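This report refers to the structure that appears directly beneath it.
The values are calculated or read from the model by the stated rules, or taken from the named source; none is laboratory data. Remember, predicted model here, so these are calculated numbers, not experimental data. Cβ: placed from backbone, ideal geometry, glycine included. Neighbour counts: every protein chain shown.
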Amino acid sequence: MIKILHLSDIHIGSGFSHGRINPETGLNTRLEDFVKTLSLCIDKAINEPVDLVLFGGDAFPDATPPPYVQEAFAAQFRRLADADIPTVLLVGNHDQHSQGNGGASLCIYRTLAVPGFIVGDSLEVHKILTKNGWIQVITLPWLTRSTLLTRPETEGLSLEEINYLLIEKLEPALEGEIRQLDPNLPTVLLGHLMVDRATLGAERLLAVGKGFTVPISLLSRPEFDYVALGHVHKHQNLNKDNNPPIVYPGSIERVDFSEEKEDKGFVLIEIEKGRVNWEFCSLPVRRFCTMEIDVSTQADPEASILKYLAKKDIKDAVVRLIYKIRSEQLDLVNTATIQEALKAAHSYTIRPELVSQLARPRLPELGVGSNLGPIDALKTYLNNREDLKDIELELLEAAQKLLEGVSPKWEDLETPENASTKNQLTLLEF
């Protein structure tokens, strides 16, 4: 059996806004988080040991990361070369130039001829000799329209029609590579793809208009023993019968709050021709924690927020506090006090959301199909309007007169205590 470690979507250098500068190193703490998590993956590959590492693409946030970020990535993968573990680095959409040509951030490993490293920036079969035998890997990097189609071919077509043309071009190209396979060797397809059955994560809007969706039928081939995917940040197996497994390991770190509840990790695989076992291995990544509280009805909103925070475990987490509040309450909340209560967090953001007095929740009793009469309906409405309690009787009396066809005398209603009655009744008439 050949052992493989499959990881993807490292995105090292992302999420700096969720970190802070470490005064001892001068680096953003989120960069240090990503490096630490990547090092745990490499530790596992070396200590297991595995025979092959497959990286499913998106090493960095873009194709031209800063030198110190490239160095952090290279320092970890260099350990695989030192351990004599063959490694395939697939080019993802974030590894390409904006025009979609070439894997600028990864091709340096081919240029430098790093021992045992293969850069997958084209659709190609790679036969690799590992310590436990031969294996063949088909690399399928991120493909864009310009990769397979010319401008005249796509002119005037809808996105759906373009997607159909792209699949038409890809199918024979992939078939040509499959025909080159040795039927006696275990085979892995390594692709950076958006598959039509995938449940999306943070990458939902990252590649709109740049790539295309691949039908799962294109990947469910008997020639493949395992399909190793990258691009989608949520771990999932798209083929539950595992014939073959079609697996996204997901990203190894949380990129933003959209991934707050997702497990992060990598996949360990044991493979031979016609048989494969795989398992998802979780990584201990930093927690993201969203906390929401509505204090718009509280007399002391600051005290309510502090009481709420006291019950939460925020130590070393990336925290997002959202509290709903009325505009006239803003001065009742001291931001410095809230910040003090959040100091145990790794980092935090505080976001007040103003509650409009016009946008009140709908009352089920007043919904479609209600059998309440006009006066009973008005009573139900007024029971939920604390701000109208002082003029409730006047409103009911005026409404009754309207129903009876008697116009109320506004001069009788407009007193200091009920000056807003006229406006309220005007609204009721409509």
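Miscellaneous remarks
- Residue identified as farther than 15 Å from residue 27 by Cβ, surrounded by 20 or more Cβ atoms within 10 Å (Cβ to Cβ), in contact with a helix residue (DSSP H, G or I) (Cβ under 8 Å, 6 or more places away or on another chain) and at pLDDT 95 or above among 63, 45: 45
- Some residue of the range 117-136 being among the hydrophobic types (A, V, I, L, M, F, W, C), outside any loop (DSSP other than H, G, I, E, B) and at pLDDT below 90: no
- The range 1-51, residues that are closer than 30 Å to residue 273 by Cβ, out of contact with any Ser or Thr (no Cβ under 6 Å at 6 or more places or on another chain) and not aliphatic (A, V, I, L, M): 3, 6, 8, 41, 43, 44, 47, 48, 49
- All positions within the range 274-293 that are surrounded by 16 or more Cβ atoms within 10 Å (Cβ to Cβ) and outside any strand (DSSP E or B): 283, 285, 286, 287
- For the range 144-157, the condition holds for no residue, the condition being that it is more than 29 Å from residue 11 (Cβ to Cβ), surrounded by fewer than 13 Cβ atoms within 10 Å (Cβ to Cβ) and either at pLDDT 85 or above or within 24 Å of the chain's Cα centre (by Cα) (or both).
- From the list 220, 258, 251, the one residue that fits, being hydroxyl-bearing (Ser, Thr, Tyr), surrounded by fewer than 19 Cβ atoms within 10 Å (Cβ to Cβ) and either in a helix (DSSP H, G or I) or in contact with a Gly (Cβ under 9 Å, 6 or more places away or on another chain) (or both), is 258.
- Note on the range 1-27: among residues that are of a type outside the set (Val, Ile, Thr) and part of a strand (DSSP E or B), the one that is farthest from residue 281 (Cα to Cα) is 3.
- Condition met for residue 378 (at pLDDT below 95, within 30 Å of residue 400 (Cα to Cα) and surrounded by 13 or more Cβ atoms within 10 Å (Cβ to Cβ)): yes
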